[in-house]
Each structure stands twice: as structure tokens, then as C-alpha cells.
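K.L.:
Could you have a look at this structure, given as C-alpha cells, before my questions?
The values are calculated or read from the model by the stated rules, or taken from the named source; none is laboratory data. Since we're looking at a predicted model, the values are computed, not measured. Here the Cβ is made from the backbone with ideal geometry for all residues, glycine too, and neighbour counts use every protein chain on show.
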Amino acid sequence: MSVYPCFLDFEASGLANGSYPIEVGWNLPSGEVKSFLIRPLPSWRYWDKRAEEEVHGISRKELVAQGVDAAEICAVLCADLDGREVYADGGLFDAEWMGQLLAAGKCPEPTFRLCGCAPDLFFPEMAFQVSDELQEAARKVAGQRHRAGNDVRWLVAWLRLGREAGYRADVPKSARWHSENPKPTKSKNEPIPPAPKPWNFSISQPSGIPRTVGKPPRQPA
């Protein structure tokens, strides 16, 4: 039975200040993928209509009607990922949205570590043409882009197809964020629930990989 790294992905209401997570997905070491729409808090009001129409296709109305309470999601997520390194390719956006989800769910200290990763570098010995072909094949398996579960499913399928083609997989970390309870950024327009402690940032850069990780999120005043 194949064992996979644990990946995590978010969809969000937008990318501007005041954005918040609207869907989260992750996989277990078996490759099983779980995903949830996130019911927004009353204070989560920012909405990018263009992102709804051109990116994820999720409506605010759908979130309110079908979203799951943050506390319920956090209970499942923290149990599934307990003690693991979890990889996300969304950089500090994912770190901040994770912080918002955990704070909204009043989650106790999570015992997993969230690490940045670069999917294009999973198979360092693979030719670019082969990589492109296998990534395209993985996308056909995974389904529509910009849905959290499908994007995690794509990462799992990409690793599986590369391994089946005989390549040794590596998941280099572009950054590591480790914390007790993360504290998300506070914008001028969006009050956020308090969290006890902020993320601690420990940036590690594999040799030969350009530094793409920006500054940590601003801390509340």
C-alpha cells in the first residue's frame, strides 16, 4: 500500500485584506481526501465576486447553506493530521487562512506542522516534458481546479503517477510554519476572533530553489 505525504489546500473569499477561508481539503497517508465548505463567521464579510465567477465557483449563499461549522472541521482536521508534517503550496496565504480557521473553531493547540512545498520539484530527476504530461494526467484524475479537495487530489495523483513511472519522489520544503495556535492578520474591515499565540516562522530553503516566501503576516495591533 502506498503511503503519501499529507497535503492541504484552501479556497478563499479572495486575496485582499479581509479575505477568509471558504473551503479546506487535505489527504491522509493512505491517499484518502477529505474536504469541507466552511460556514463563514458573521464577521467574515469580504467577498470577491470575480473569484467566485472565475476561480472557485463557490457562492456566498452556498457557503451559508452548506458550510460546516469551523469547530467541527477543526476537530476532524486536527485528529487526522496529528503529529504530521503537512504540505501546502499556497505560501503565507495558506498559513494565514489556517490561522483564521483554527481561531474560528477555537481549536486547542494543533500538533501538526504546516510546511510550504513546490509541486514542480517533487521529482528532481524528471524531464520537464514528462513532468508536464504527468501533471496534466493527474489533473484529469483530480477534477476541477480551485476546489480544495480536488487540488489535494491532484497532488496525490501527481506523486502516484510519478512513482509508477519509476521516479524517486522528494517533497522539498520551501518554508516551515510551526506554532501552537496561529494568530491571523487583522484587517481594517474584518474583526477576527482572538487566538492565544501567533505562528512562529522558521524559513528553510532547499539548495537551488529561489526564495519565494514573503514576510510573515502582520500581527494585530
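K.L.:
Identify the single condition in (1) closer than 17 Å to P110 by Cβ; (2) surrounded by 16 or more Cβ atoms within 10 Å (Cβ to Cβ); (3) acidic (D, E) that E52 does not satisfy, given that it satisfies every other one.
P.N.:
If we test E52 against (1) closer than 17 Å to P110 by Cβ; (2) surrounded by 16 or more Cβ atoms within 10 Å (Cβ to Cβ); (3) acidic (D, E), just (1) comes out false.
K.L.:
Inspect the range 94-110 for any residue being closer than 30 Å to E164 by Cα and either crowded, with 20+ Cβ neighbours inside 10 Å or modelled with pLDDT under 90 (or both) and give the result as yes or no.
P.N.:
yes
K.L.:
Just checking, which of E62, E72, E85 is among the charged types (D, E, K, R), surrounded by fewer than 18 Cβ atoms within 10 Å (Cβ to Cβ) and closer than 11 Å to I22 by Cβ?
P.N.:
Just one listed residue meets the conditions, E62.
K.L.:
Something else: Within the range 14-58, can you find the residues that are touching a strand residue (DSSP E or B) at 6+ places or on another chain (Cβ under 6 Å) and hydroxyl-bearing (S, T, Y)?
P.N.:
The answer is S19, S35.
Residues checked against (1) of a type outside the set (V, I, T); (2) part of a loop (DSSP other than H, G, I, E, B):
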site: E11; (1), (2): yes, no
site: G18; (1), (2): yes, yes
site: E23; (1), (2): yes, no
site: L41; (1), (2): yes, yes
site: R50; (1), (2): yes, no
site: I58; (1), (2): no, yes
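K.L.:
State all residues of the range 132-168 that are assigned to a helix (DSSP H, G or I) and without any contact (Cβ under 8 Å) to a residue 12 or more places away in the chain; if no residue qualifies, say none.
P.N.:
Scanning the range 132-168 gives D132, E133, E136, K140, E164.
K.L.:
Looking at the range 115-146, which of the residues that are farther than 18 Å from G31 by Cα and aliphatic (A, V, I, L, M) is nearest to the chain's Cα centre (by Cα)?
P.N.:
A118
K.L.:
Right, something else. In this structure, is Y87 outside any loop (DSSP other than H, G, I, E, B), closer than 18 Å to G116 by Cα and touching a residue at least 40 places away in the same chain (Cβ under 8 Å)?
P.N.:
Yes; evaluated as a whole, the condition is true for this residue.
K.L.:
Would the range 17-25 turn up any residue that is at pLDDT 95 or above and within 29 Å of R168 (Cβ to Cβ)?
P.N.:
Taking every residue of the range 17-25 in turn, at least one turns out to be at pLDDT 95 or above and within 29 Å of R168 (Cβ to Cβ).
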